[in-house]
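Report on one structure; see the data block that follows.
The values are calculated or read from the model by the stated rules, or taken from the named source; none is laboratory data. Quick caveat: nothing in here was measured; it's all calculated off a predicted structure. In this analysis, Cβ positions are derived from the backbone assuming ideal geometry, glycine residues included, and neighbour counts consider all displayed protein chains. These area figures cover heavy atoms from the full protein model, side chains too; ligands, DNA and RNA do not enter into them. Shrake-Rupley method; radii C 1.70, N 1.55, O 1.52, S 1.80 Å.
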Amino acid sequence: MSDQEQQPTDAPEPRGAGLEQPEIEHRPRWRETLSVLMSNRLAAVGLVVLVVMVVTAILGHRLAPYALDAQDLTRRFDPPSADHWFGTDDLGQDVFSRVVIGARSSLLVAGVSVGISMVVGTLLGLLAGYRGGWMDSTLMRTMDVLFAFPVVLLAIALVAVFGPSLRNTMLAIAVVFTPIFARVVRGSVLSVREQLYVRAVRSLGAGDLRIVLRHVLPNVAAPVLVQTSLSLAFAILTEAALSYVGVGVQPPTPAWGSMLSDAQRYMAQGWWLSVFPGLAIFVTVMSFNLLGDGLRDALDPQQRSIIEARGAGAKDGDA
Amino acid sequence: MSEEPLIAVDDLEVHFPGGPRSILRRGSPPPPVRAVDGVSFEIRRGETLGLVGESGCGKSTTGLALLRLVEPTAGSVTFDGRDVRALSRRELRTLRRRVAMIFQDPYASLDPRMTVGDAITEAMVIHDLHGDGKGRRRRAGELLERVGLHPDVAERYPHEFSGGQRQRVGIARALAVEPDFIVCDEPIAALDVSIQASVMNLLAELQADLGLTYLFIAHDLAAVQHVSDRIAVMYLGRIVEQADREQLYRSPGHPYTQALLSAIPVPSPAHERERRRTLLEGDVPSPMDPPSGCRFRTRCPEVFEACGRVDPALQEVAEQHHVACLLHGEVGTEVPRSEHRDAART
C-alpha cells in the first residue's frame, strides 16, 4: 500500500502535499472534559460541595465540636445556638456533631452500594442487551424477579438474613439497585447496537469486545450517569428506611437517614432534629445531580462544542 | 476476461425469519423474507460493478452478505479464491481488512463519541497496521489528506462536519484497512447533489490510483452510469439483467431496466418533453410472498400469459448481456400448477 502512495495523483485537493506531515498532537481528552465541566457553574458547585462532604466524611470525628458519646441530659432539645449550631437532640447530643460524623456512614453506604450496583448492573445490561437471545431472557427475568419486590422490603429481608451491619446494608442496597441499572443499560444497548456505526466498525473487522467497550459503552454512558445520580439519593433514603426498622446502620453510629427517622418522633419538641440531617441529604443529593448532569453534557462531544462555542461567544462579548 | 474474478457470488440467498411463531396462532410460522433470492455475479480485479434497484430489492443486503455482516442463507461467496462462508473468526477478520465498506448515511456511520482521527486509527489498531500510535496518527493524517480533508481535522468529532465531509471521512476509514475491494452502499444517495459529483470523482480517483475493485450499489441508473464497467439490475431479490454499461444503456433487455432508464431525466427541455416514459404502477410486492413466475409481472407493462407460469432464468441475449425475461424466449423453470398465485391480479 505504501508504494501506491507515491503514485502521482491528479487530485487537486491535497493541501501541503510534499510538505512535511504535521504532527497531529494528541491532547488528553479528560482535561478537555474537565475544563468543560468546570465551565458549567452548577456542576462546579456540585463538585465543590461533594468534595467538602467527602473531606468531612473522612475527617469526621476530628471536625466535630463534640464527641459522639457526649451527652448532656440537662440540655435536651436546645434550639440552635452558638454552642450547638444545629441544636441538641432528645439525649442532649450535639446535632451538628452527629451530622458531621454521620456523613461517613451515609456517604459510604450511598457510594459503595451505588458503585457496586452500577458496575454489576451495567455489565449485566451490556451482556443482556448485546447478546440477546436466551442470555437476555435469563438475565432480565432474574432482574424482573428482584424488581417485583418493594425495594425496602427486599433490602430488609436481605439484611435480616445476613445480619445487620454496615457491610450488609451496603450489599443489600446494591442488590436492590442492580436491576435498575441493568434495565436502563439494556434498553440503551438495544438501540445502540443497531446503529449504523456499530455495523461500520464491525465491517472493519472489530470484535465484539471492542465494539462493546469502545462504542456501545460510551454511547450508553449518559443514562447510566443520570441513573447514578438519582440512585445515590435513593440509596441514602433506603439506608434511612433500613435504619428506621432497625436493620440499617447500627447505633451508636450516626447516619443521616437514621437521624431523620429518629427525629420524626420529636417533631413537636424540635424541628432542628429533622431539618439538619434532611438538609445534609438534600444538599448532597442535589450536588450529585448537578455534577451528574454536568458530567453527562461534558462527555457528549456535541454538547461539548455547544458549551465551548457559548463560552467563546461570552468571551467575545466581554472584550 | 479469462482472469479469475476477485469476487464471485453464486446463487446467494439471504432470508430473514418472518417473525416468531405464536402459540396463539395456529398453522405454520410466517414465511421468511427473501431479501436476496438467488443472486450471482462476478467482479474482476480493478473493475466496478454497479448494482441497481429500488429500495427493498435486496441490493444492500447483498453487499452486507459479502462481508458476512449478514449471514447468507444459501449459495456461495468466493473472495480471491476463498469461500467466505467457510472462514473462521480469525480469517473473517482478515477478509474484513481486504474488503471494506462505505455506507449510505454518513451521519449515522461514524460513532458520535469518537474523533474522526480515532475512528480512522481504530481501523489500523484492529489489524495492527502502522506500528504504534504515532505512526497510525500520521497515517490517519495522510488518509484525511488523500480524501481532500485537512489532517488537523483528526481531532474533531463527526458532528462538526458536513455530510460530504463525513462521507470523505468514511472513505478515509475504509482506506485505512488497505482494502482491495470496497462495497459502496449508496455512498452518495444521502448527499446534496452539488456534493455528489465530487465524492464520485474521489472514488474514481482512488480506484485509479490504488487499483481498487468496487461493488457500487445505487437506486437509480443515473448514479452508476459513469463509474460502472458493468451493471446488474435487481428486482425483488433477483438480478433481472446484467450487462456492460454501454450495452445496458443502448439496448436494455428487461422491461424493468427500460422503465428505470426512462426515469433518468434528459438535460434538454425539448427532448425531455418528447421523451416517452414508462411509468411503473403499483408497489413492489412483498418479498415474503413474491408473485409466482416472474416477480415483475404484477407491474410489467408487457406482461403476458406465460409470466405467471414460468420463473424466468437469466439468458444470454447478446455477448455478456443476460436478461431474465420471457420476452426473449421461454427460458426458466415451470411453476407447479398448485403454486400459481395472484392469477387474478395479473
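Helix A:41-59 and the longest principal axis of the C-alpha atoms of chain A enclose an angle of approximately 50°. Here segment B:101-197 is assigned +1 on the Cβ of each Lys and Arg and -1 on the Cβ of each Asp and Glu. Its dipole about the Cα centre then comes out at about 260 debye. Normalised per residue, the accessible area of chain B is 44 Å², obtained with a 1.4 Å probe and no contribution from ligands, DNA or RNA. Protein-only accessible surface at a 1.4 angstrom probe places the residues A:100, A:152 in the order A:152, A:100, largest first. Rolling a 1.4 Å probe over the heavy atoms of the protein chains gives chain A an accessible area of 52 Å² per residue. Once the Cα atoms are used to define both axes, helix B:89-98 deviates from the longest principal axis of chain B by about 80 degrees.
Taking the Cα centre of the protein assembly as shown as the origin and placing charges on Cβ (Lys, Arg +1; Asp, Glu -1), which of A:267, B:300, A:191 is farthest toward the positive end of the dipole? Positive-end residue among those listed: A:267. The apolar share of the surface of segment B:139-228, taken as the fraction of accessible area on carbon and sulfur atoms (1.4 Å probe, ligands and nucleic acids excluded), comes to 46 percent.
Dipole check for segment B:232-335: with +1 at the C-beta of Lys and Arg, -1 at the C-beta of Asp and Glu, and the Cα centre as origin, the magnitude is about 360 Debye. Applying 1/(1 + (r/R0)^6) with R0 = 41 Å to the Cβ-Cβ distance of residue B:134 and residue B:220 gives a FRET efficiency near 0.40. Along the charge dipole of segment B:118-164, pointing to its positive end and built from +1/-1 on Cβ of Lys, Arg, Asp and Glu, which listed residue (B:153, B:140, B:119) has its Cα farthest out? Result: B:140. Each label was represented as a point 7 Å from its Cα along the Cα-to-Cβ direction; for residue A:149 and residue B:93 these points are 4.3 nm apart. Accessible surface for residue A:118 stands near 60 Å², nearest 10, in the context of the full protein assembly shown (1.4 Å probe).
Contact-buried residues of segment B:198-221, at a threshold of 30 Å² lost accessible area versus the chain by itself: B:205, B:209, B:210 (1.4 Å probe; DNA, RNA and ligands ignored).
Determine the dipole magnitude for the protein assembly as shown: charges of +1 sit on the beta-carbon of Lys and Arg, -1 on that of Asp and Glu, nothing else is charged, the reference point is the Cα centre, and the result goes in debye to the nearest 20. Using only the charged Cβ atoms, the result is roughly 1840 debye.
Stretched out straight at 0.36 nm per residue, the stretch from residue A:310 to residue A:160 would grow longer than its current Cα-Cα span by 48.7 nm.
Each label point was placed 7 Å from the Cα along the Cα-to-Cβ direction; for residue B:198 and residue A:67 their separation is 7.8 nm. With R₀ set to 51 Å, the beta-carbon distance separating residue B:273 from residue B:316 gives a calculated FRET efficiency near 0.90. How large a share of the accessible area of segment A:201-266, in percent, is made up of carbon and sulfur atoms when the probe is 1.4 Å and the other protein chains stay in place? Taking all protein chains in place, segment A:201-266 shows 66 percent carbon and sulfur surface. Once you have a ≥ b ≥ c as the square roots of the Cα gyration tensor eigenvalues for chain A, tell me rounded if a/c is under 1.5, and otherwise prolate or oblate according to whether a/b is larger than b/c. Judged from the Cα gyration tensor, chain A comes out oblate (a/c at least 1.5, b/c at or above a/b).
Taking every residue in B:104-113 and counting other chain Cβ atoms within 10 Å of its Cβ, the average works out to 6.
Extending 7 Å from Cα along the Cβ direction at residue A:194 and again at residue A:59 yields two label points whose distance is 5.4 nm.
Taking the charge dipole of the protein assembly as shown about its Cα centre, with +1 at Lys and Arg Cβ atoms and -1 at Asp and Glu Cβ atoms, the residue from A:123, B:206, B:16 reaching farthest to the positive side is A:123.
Provide the buried accessible surface between chains A and B in square angstrom, both chains summed, 1.4 Å probe, rounded to the nearest 100. Chain pair A/B: roughly 4300 Å² of buried accessible area. The eigenvalues of the Cα gyration tensor, multiplied by 5 and square-rooted, give chain B an equivalent ellipsoid with semi-axes of 37, 24, 19 Å from largest to smallest.
A straight chain from residue B:76 to residue B:10 at 0.36 nm per residue would run longer than the Cα-Cα distance by 23.2 nm. Burial of accessible area (probe 1.4 Å, heavy atoms of protein chains only) in segment A:194-208, relative to its chain alone, reaches at least 30 Å² for A:196, A:197, A:199, A:200, A:202, A:203, A:204, A:205.
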